[in-house]
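Here, each number is a calculation from the coordinates, and none is a lab measurement. The shown structure was predicted, so the numbers you read here are calculated from the model rather than taken from an experiment. So basically every Cβ, Gly included, is an ideal-geometry build from the backbone, and we count neighbours across all protein chains shown.
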Amino acid sequence: MRRRVQRTTTGTYFITLPKDWVRQHNIDHGAMLEIEIRRDGALVVHPPVKEAGEADKVSVRYSRGQMAALKDMILGAYLLGYNLIEITSSDGEIDPKDREEIRRIIHSFVGLEVLDEDARKMVIRSILDPFYTDPVKLLNRMAYLVEDMLKDGFRAIIEGDTRMVDVLMQRDDEVDRIYFLLIRLLRGALRNPSLADRYPLSPVDYLDYRVAAKIIETVGDIVSNLHPYVDRPIQDDDIKALLDDVLRIYKLSIKVFFTRDDELRGQLKKLVEDVGERLEPLKKRKRNVYDLVRWLIAESIDIADLAISIPS
């Protein structure tokens, strides 16, 4: 669709609005429209904002004995950016045990609170304002939490501390909460240009952040399930040094992703090559740790690879 630019005798430039668009949004003479100049130079005209809840509400049906399906529906609504989730019972009152389970489920998602409820209904609302939440800081937070988990996880392997592994499982829940929030924000920005323009990300960055977040979340899952790798305390200094270097590889990969620094990428490549040479003798002595190290290195490299750019 194109519009010819016109000018008044006083020098004011203007274009006409499409009639179909005006009718669709019930715009009348004197209505106030928000005009936004985006970073890419585009001029965006926003229709009048609908009343809260009109477009951001979703209804979810509760059925006794179907809590797994209900959890998936709540997750889906959260990730799609809905601000109001209304759970209604189709067969009598909501079971008290299920009601408590619903409360535990919504605790898995940052910003969700029970707004209202009665015997047959629960209304859940997001209290977060996406305009004041930064995806870059969230991904940094995720990366740091997993880095901390790696440190303690490797210490658990070296010391044979199974109790620490149980603690790591709880900390992985926090990683998951941030992951879900980040995906909600990234999806919301793709659906809302005015929100996307507030974030310091390019269209390609949105895809890279989505993939990086999933990889970091996967590393967190790996570290939260270290029981098969924790046995007797390890006295082997070579294994201790390898685990230290795996942590360095992860940290370097995160830095490369955020900075796009070629010098850091070179350091990472040399470190990976060095660890690869020292890793092979471990294959016969401690096969499970060997597999774990290779797995974590592969995931870390995938994070750094997202930052590869082709000079124009």
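Considering only Val60, Leu271, Asn26, the residue lying farthest towards the positive end of the dipole of the chain is Asn26, judged by Cα position with unit charges set on Cβ. Hey, if you put +1 on the Cβ of every Lys and Arg and -1 on every Asp and Glu Cβ in the chain, which of Thr259, Ile308, Phe14 ends up farthest toward the positive end of that dipole? Of Thr259, Ile308, Phe14, it is Phe14.
Selection among Ala212, Ser90, Pro48 by position relative to the dipole of the chain gives Pro48 as farthest towards the positive end (Cβ unit charges, Cα centre). Our summary gives the chain a relative contact order of 13 percent, counting only alpha carbon pairs under 8 angstrom and 6 or more residues apart.
Out of every Cα-Cα pair that the stretch 131-305 contains, those further apart than 23 angstrom amount to 43 percent.
In this Cβ point-charge picture (+1 for Lys and Arg, -1 for Asp and Glu), the stretch 120-252 has a dipole of about 1000 debye about its Cα centre.
In plain terms, the bigger the Kirkwood radius, the slower the diffusion; for the stretch 6-46, with that radius from Cα pairs, at 4 °C and 1.567 mPa s, Stokes-Einstein puts D at 107 µm²/s.
When you count the other C-beta atoms within 10 angstrom of each residue and take the mean per peptide, 140-153, 212-225 line up highest first as 212-225, 140-153.
P(r) for the stretch 58-148, from all Cα pairs and a bin width of 10 Å, is 15, 45, 25, 13, 2 %, short bins first.
Per-residue Cβ neighbour counts within 10 Å put Phe154, Phe258, Phe109, Phe14 in the sequence Phe14, Phe258, Phe109, Phe154, beginning with the fewest. The trypsin sites (Lys or Arg not before Pro) of the stretch 35-119 that DSSP puts in a loop, and whose beta carbon has at most 15 other beta carbons within 10 Å, are Arg38, Arg39, Lys50, Arg64. For Met164, the shell of other residues with beta-carbons less than 14 Å away shows a net charge of -3, using +1 for Lys and Arg and -1 for Asp and Glu. Between Arg155 and Asp72, the simple label model (points 7 Å from Cα in the Cβ direction) yields a spacing of 4.0 nm. Considering the chain as a Gaussian network with a 10 Å cut-off on Cα pairs, which listed residue, Glu36, Glu101, Glu277, attains the greatest mean-square fluctuation? With Cα springs under 10 Å in the chain, the top fluctuation among Glu36, Glu101, Glu277 is at Glu277.
Mark the label point 7 Å from the Cα of Tyr13 along Cα→Cβ and return the residues of the stretch 26-44 whose backbone N is within less than 20 Å of it. Within reach of a label on Tyr13: 33-44. Here is the tail figure for the stretch 167-242: Cα pairs spaced more than 20 Å apart come to 51 percent of all pairs.
Net charge dipole, the stretch 1-143: roughly 800 debye, given to the nearest 20, about the Cα centre with Cβ charges of +1 for Lys and Arg and -1 for Asp and Glu.
Between helix 262-279 and the chain there is an angle of about 40 degrees, using the helix long axis and the longest principal axis of the Cα atoms.
Hey, which of these cross-link pairs are over 28 Å Cα-Cα: Lys137/Lys269; Lys251/Lys283; Lys57/Lys255? Violating the 28 Å Cα-Cα cut-off are Lys57/Lys255. When only the Cβ of Lys, Arg, Asp and Glu is charged (+1, +1, -1, -1), the dipole of the chain relative to its Cα centre reaches about 1000 debye.
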